[in-house]
Amino acid sequence: LVFDDSAHLNKVLMNLNKLRKNKQFCDVVLHVGSGQDVHEIYAHRAVVASVSPYLFELLAQKTKGTLQNQCKINGNFDISAFERLVDYAYTSRLEVPKSKMKAMYLAAAKLKVHPVTKYCGKYLVEHLTPENCTGVRAILVESMDQELVAEVDAYIRDNIAEVVKSKELQSLPHIQVELVQHSSLEMDATNNKHLCHMVLDWMRSSFDEEGVLMETLTEKVHMLYLNLDRTLHDCNDIETGDAKDTEMIQDYKRLSRRLSQPKGSKTKGRPGITVTTPAKPRQFLYTRSDSSGSSSSDEEDRDWKIIATTSTGAHSTMGLAVVSGTMIVLSVVQRLNGPASTGDSSPEVCNTTLGYTTLPPMMSSRCGMGTAEFQGKLLVCGGYDRGECLRTVEAYNLATNRWSSLAPMQTPRGRVDATVLNGLVYVIGGSDGSKELASAEVFNGSAWNTVPPMAVARSNAGICHLDNKVFVVGGWNGKRGLSCCDVFDPLSKIWSSAAPMLLGRYQAGVACLNREVYAVGGCDSWTCVASVEKYNPITNTWMEVAPLQNARRGCGVVEYNGKLYAVGGHDGVRSLCSVEVYDAQTNSWSPGPPLTSCRANVGVAVVGGRLFAVGGFNGKAFLNTVEFLDGRTNEWTTFVAKAESHQPVTSIMEDEDRDSSREGSAEECR
């Protein structure tokens, strides 16, 4: 026999609530408030602890004593909101005046009463206005509700023109910046959204490297200029007598001294291979596109971000940003440094079109793929993304600024390399996702055909060609890094063995320079290495040469302008943005210009006199973005002048709608 009294539960809570109000059988007195304004709230610890995990933890720490234990509640609680939450614990009913909704949300969040927190948070987001949105965001950040913070940020972006007019912004810190430009043409060509991101980078550098405080940033208007290292610098850094040291700059320096503003570092950029932050190309500031393709695809830092911007004049911008976790108002105004000019000082920017467009991304995000120049185009074969090894092949046409699909390979191949010899593309070995491969394929421009397999299956081998033969260097056989070097003769279709390397390695960058084969970095069985060795085909021997300055695996290596470039890679801890350049005459490595995106297992190739870096893994996402080394400026860029491309702007904008990456785990990129 089972007796189910459905009304009993409600009666128990109702009776417990009566006992609470009469202060009967209460075993805890909650002291809420501080100083002279302390309120006593009688309760039954079992009831309030069952609703609030925060109170459960607090009360569980109290030792047993008298019947009515005293419990002080720390924190700046709204008394009315706290009392209503206690009522809710006994009645399952919550009555909240609209004026108390923020206080109720904060109290519920602190006490971890999740149903109430969710209800109040949803209400606040559904009733956002330009006047209250920044205040709502502040309390959501305080409770670390990132999902609702993202919804508020979206509202701010959609209504930024009205938000910047609200009185609530007067309570926020205000950082004011003036950017000194060389010409009115540069001012007209500047992308204000991108400018704000560069200002944010400058502020972050000020915090991280110079110890600047928020109070320092808000005490004056900061005058900045664009340096040759593509970063913004304080005009206090301009040396006396420099051509840029105009009367306006000198006035700014005098004002800074009066305010006892410490000067910034005299360092004009920080070249070197220890780069962990990707560089932005100069064109980033001047492109009309708002595509994020020029930025790292890393997730945006919650403590450092531009929430929204709006133009407030021809050369002025206002927006909301987060600086070191604090929401601020950002104002940026562009000014001419001296008399107006025609723009002759910046020919690389102020050309006839005054416009740049982004390099379109690949159709598929991928890393560990074969990359080569083929028939004047940038060819990408296979690789792997988050879920699988790929068969797909695509080619980038520099003339049309477009990617197109080509015939897929017969076998999926990730962790693979490619080379082009006598008009044919060779893709050898790799992994199909379940095992290492010994098979090989050759592409003639229309179809793939098989060639004799290698003797040893392997992935992560390096491939290049020398003396009309294809060299396959090192690799991974599923157990260890290999030292073997196999050679394929396309005429006889026979494989032979060359002398083994001095060190078994995989994920090494392999390329030919001065009729010798180089194996750069990589891993031995488990360790990322910096060693480099080269093969002499005449003596059939390997010898060590100067090591890399940074150990790296999965870097792209290619001969460019008579030197060897080691691009990106992984140092065993993080994906790298740095580049190293090898000079065979001096047997030395030197730092090269950093990439705009960190890339491990990146593909590289020289096409049309440009060194391209394609795809890769940045530590958080698989990339489909592309960049190239601009020989004129010696910097990597994701932009091409519109005059160089015959592609209609509309199609470029369609390309920018593609996702720039697919997420994955760092372990997948080993």
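What follows is calculated from the coordinates using simple rules that are stated; it is not laboratory data. Note that the structure is a prediction, hence the values are computed from the model and not measured. All Cβ positions, glycine included, derive from the backbone under ideal geometry; neighbour counts span all protein chains shown.
Taking the Cβ of Val573 as the center, what net charge do the other residues with Cβ under 12 Å away carry, scoring Lys and Arg +1 and Asp and Glu -1?
Details: positive: Arg552, Arg553, Arg574; negative: Asp571.
Around Val573, the charge tally is +2.
Here the peptides 369-375, 506-512, 197-203 are ranked by packing, the mean other Cβ count within 10 Å, and the order with the highest first is 506-512, 369-375, 197-203.
Restricting attention to the range 1-87, which trypsin sites (Lys or Arg not before Pro) occupy a DSSP loop and are surrounded by at most 15 other Cβ atoms within 10 Å? Show your work: numbers first, answer last.
Working: sites: Lys11, Lys18, Arg20, Lys21, Lys23, Arg45, Lys62, Lys64, Lys72, Arg84; in loops: Lys23, Lys62, Lys64.
Those that pass, being in a loop and sparsely packed, are Lys23, Lys62, Lys64.
Report, in listed order, any pair from Lys167/Lys220; Lys11/Lys98; Lys102/Lys167 with a Cα-Cα distance greater than 25 Å.
Numbers: Lys167/Lys220 21 Å; Lys11/Lys98 30 Å; Lys102/Lys167 18 Å.
Table pairs above 25 Å Cα-Cα are Lys11/Lys98.
In a simple Cβ point-charge model (Lys, Arg +1; Asp, Glu -1; nothing else charged), the range 10-115 has a dipole of about 220 debye relative to its Cα centre.
When the pairs Lys72/Lys112; Lys23/Lys122; Lys18/Lys122; Lys23/Lys72; Lys21/Lys100; Lys23/Lys118 are compared against a 25 Å limit on Cα-Cα distance, Lys23/Lys122; Lys18/Lys122; Lys23/Lys118 fall above it. Summarising the amide proton neighbourhood of Glu516: residues at separation of 5 or more, or on other chains, whose placed amide H is nearer than 5 Å comprise an empty set. Between Thr400 and Gln250, the distance separating the two model label sites (each 7 Å from Cα on the Cα→Cβ line) works out to 5.8 nm.
Distance between the C-alpha centres of the range 104-125 and the range 488-544: 62 Å, rounded to the whole angstrom. Computed from label points 7 Å out along Cα-Cβ, the spacing between Glu126 and Ser184 is 5.3 nm. What the Cα atoms of the range 8-127 give is an Rg and a Dmax of 14.3, 47 Å.
For Lys563 and Asp301, compute 0.36 nm times the residue count separating them, minus their Cα-Cα distance, and round to one decimal in nm. Write down the numbers at each step before the final one.
Values: separation 262, 0.36 × 262 = 94.32 nm, distance 3.69 nm.
Here the segment from Lys563 to Asp301 would lengthen by 90.6 nm.
Using the average count of surrounding beta-carbon atoms within 10 Å as a protection proxy, the listed peptides 115-128, 411-424, 484-497 rank, highest first, as 411-424, 115-128, 484-497.
Of the residues His127, Met14, Phe56, the one whose Cα sits farthest toward the positive end of the charge dipole of the range 8-127, with +1 on the Cβ of Lys and Arg and -1 on the Cβ of Asp and Glu, is Met14. Given R0 = 25 Å, the distance between the Cβ atoms of Ser311 and Gln170 translates into a calculated FRET efficiency of 0.75. Loop-located chymotrypsin sites (Phe, Trp or Tyr not before Pro) across the range 416-477 with a Cβ neighbour count of 10 or fewer within 10 Å are lacking, with loop assigned by DSSP.
Which trypsin sites (Lys or Arg not before Pro) from the range 541-611 combine a DSSP loop assignment with at most 15 other Cβ atoms within 10 Å? List each step's numbers first, then the result.
Working: sites: Arg552, Arg553, Lys563, Arg574, Arg599, Arg610; in loops: Arg552, Arg574, Arg599.
Here the trypsin sites (Lys or Arg not before Pro) that fit, given the DSSP loop and packing criteria, are Arg574.
Our note on the geometry: Cα centres of the range 86-102 and the range 550-617, 60 Å apart.
On full extension of the chain, what length is gained from His39 through Ile494, given 0.36 nm per residue of separation minus the C-alpha to C-alpha distance?
Using 0.36 nm per residue and subtracting the Cα-Cα distance, I get 154.8 nm.
Taken as Cα centroids, the range 466-484 and the range 370-448 sit 18 Å apart, rounded to the nearest whole angstrom.
Given the peptides 326-337, 241-252, arrange them by the average over their residues of other C-beta atoms within 10 Å, most packed first. Don't jump to the answer; show the numbers that get you there.
Values: 326-337: 18.8, 241-252: 13.4.
Highest-to-lowest ranking by the protection proxy: 326-337, 241-252.
Sort Cys381, Cys523 so that the residue with the fewest other Cβ atoms within 10 Å of its own Cβ comes first and the one with the most comes last. Don't jump to the answer; show the numbers that get you there.
Numbers: Cys381 31, Cys523 26.
Listing Cys381, Cys523 from fewest to most nearby Cβ atoms yields Cys523, Cys381.
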